[in-house]
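Remarks on the structure that follows.
The values are calculated or read from the model by the stated rules, or taken from the named source; none is laboratory data. Note that the structure is predicted; figures quoted are calculated from it, not measured. Here the Cβ positions follow ideal geometry from the backbone for every residue, glycine too, while neighbour counts run over all protein chains shown.
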Amino acid sequence: MAGLKNRVDYIELKKRLKFVSKPLFEFCGAYVGYIDDNYGLNQNDPKIVKLCSKQPLYNEVMNAFDMELSPFVKSEIKAFSFSNILQGVLKAFLFDYQNINTFDAFLKKYDSFKIDALFNFIGGCFINEHSQSNCEDWPTKDLELMKEYISNIPGLDTQVKENILSLYRYPQETKMRIRHVICSMYEVFKKFESEAVDQAKKQQKRYANLMEIDYDYFCQILKFDDIAEAINSNDKVELCISYMFMVSYFCKEYDDASMFLLNGFLCDEYSVSKVEQHSVENFLTIIGDKDCMRILMSYAKRPYYLLELSRELNLTPAKLRMLNKRLMDADIVDYEYTSGRRYYHINKEQVDKYLQMCKRLLN
């Protein structure tokens, strides 16, 4: 258990880490996924979209939203699609309030929330998406000052600015509109909730087992190496494996003693696919270089030692060594010793693997 284990100690993490189930995150994943997929806000990696599309329950939920949401609710979602306000408000409540695990608990908190506090979330969602300003500059304590601040954001499209300012002109109405969309979507989702939670619990057991059998890989795919210092500084770490947030990485430190992590259950598949994509991109870059291609065509005919090939291709020894190293690093070229010399040749097995990867990516 070398490598990542040096940064996140296995024994310490095991003492602190607790797997938890939070049913409301399953609704949130479906809710965010539907809005992002259907209203022009989906900027996901195509690989994430492809992985999600293969999950039957996820597709069933998306189809149910399509079929059962009223035209009015869909028009409301579209009206908010100039920014990620609908998604951001629900996620903000879930991540900022540790004890909200059910929809009833969320609704109780939302209904009791003061308007200026709610618009702190709304304004924050908008500014994060449309401005590069530092959040320390936001006048978060005052509704009118936040409205004025947004009015003065430079370089912002006039219509987009008008859309957000209209929400500030009718704050109580805005609060009720957001509530109605969330409640309407939950009414559709709740018949799937039990199955989604059960699936999430199964995946939680799978990841708990992975932690025991391959700790380094567990840390790698859940990005624990990125947050090692934060994990080590908290007495308690809760990890929720989500079924509906399929490829997600969220981290929230509640205080000096408590941290919450949310990860999608497809993080392992996504990690493998990203490595494969990087490998293919590197392969295509290499064979796209005309001198690399000349070297490979020579090796395809017969093995060469470098000085011999340098003369044949009219490449300086230094340049040939550099290009040959690229081919070696990608495992495209291998060598054997014959009569005390290294003779290089194409690694046909690895090239076949690259070609199969290309085929899968282009399928």
So which residues in the range 186-215 are among the β-branched types (Val, Ile, Thr), out of contact with any Phe, Trp or Tyr (no Cβ under 7 Å at 6 or more places or on another chain) and modelled with pLDDT of 90 or more?
197
Flag for residue 183 being surrounded by fewer than 15 Cβ atoms within 10 Å (Cβ to Cβ) and under 25 Å from residue 65 (Cβ atoms):
yes
Among the residues in the range 339-347, are any assigned to a helix (DSSP H, G or I) and not acidic (Asp, Glu)?
no
When you check residue 331 against the structure, is it at pLDDT below 90 and on the phi > 0 side of the Ramachandran plot, yes or no?
yes
Is one or more of the residues making up the range 350-362 among the charged types (D, E, K, R), touching a residue at least 24 places away in the same chain (Cβ under 8 Å) and either touching a Gly at 6+ places or on another chain (Cβ under 8 Å) or within 30 Å of residue 51 (Cα to Cα) (or both)?
yes
Working carefully through the options 62, 67, find the one that is assigned by TED's automatic domain parsing to the domain that holds residue 208, in contact (Cβ under 8 Å) with a residue 12 or more places away in the chain and more than 24 Å from residue 115 (Cα to Cα).
62
Would you confirm, using the coordinates I've provided, whether residue 297 is farther than 30 Å from residue 50 by Cα, outside any strand (DSSP E or B) and at pLDDT 90 or above?
yes
Tell me, please, whether a residue that is at pLDDT below 90 and part of a helix (DSSP H, G or I) can be found in the range 57-64.
no
With criteria (1) of a type outside the set (D, E, K, R); (2) modelled with pLDDT of 95 or more; (3) out of contact with any helix residue (DSSP H, G or I) (no Cβ under 9 Å at 6 or more places or on another chain), residue 27 comes up short on (3)
Single residue of the range 101-127 satisfying the filter (at pLDDT 90 or above and either outside any helix (DSSP H, G or I) or acidic (Asp, Glu) (or both)) that is nearest to residue 184 (Cα to Cα):
104
If we scan the range 302-320, do we find a residue that is within 35 Å of the chain's Cα centre (by Cα), more than 19 Å from residue 352 (Cβ to Cβ) and at pLDDT below 90?
no
Take residue 92 and decide whether it is modelled with pLDDT of 85 or more, more than 26 Å from residue 253 (Cβ to Cβ), in contact with a helix residue (DSSP H, G or I) (Cβ under 9 Å, 6 or more places away or on another chain) and surrounded by 12 or more Cβ atoms within 10 Å (Cβ to Cβ).
no
Given (1) surrounded by 15 or more Cβ atoms within 10 Å (Cβ to Cβ); (2) of a type in the set (Lys, Arg); (3) more than 16 Å from residue 35 (Cβ to Cβ), residue 74 misses just (3)
Can you tell me how many residues in the range 217-236 are over 20 Å from the mean Cα position of the chain (by Cα) and either within 27 Å of residue 104 (Cβ to Cβ) or not small (Gly, Ala, Ser) (or both)?
5
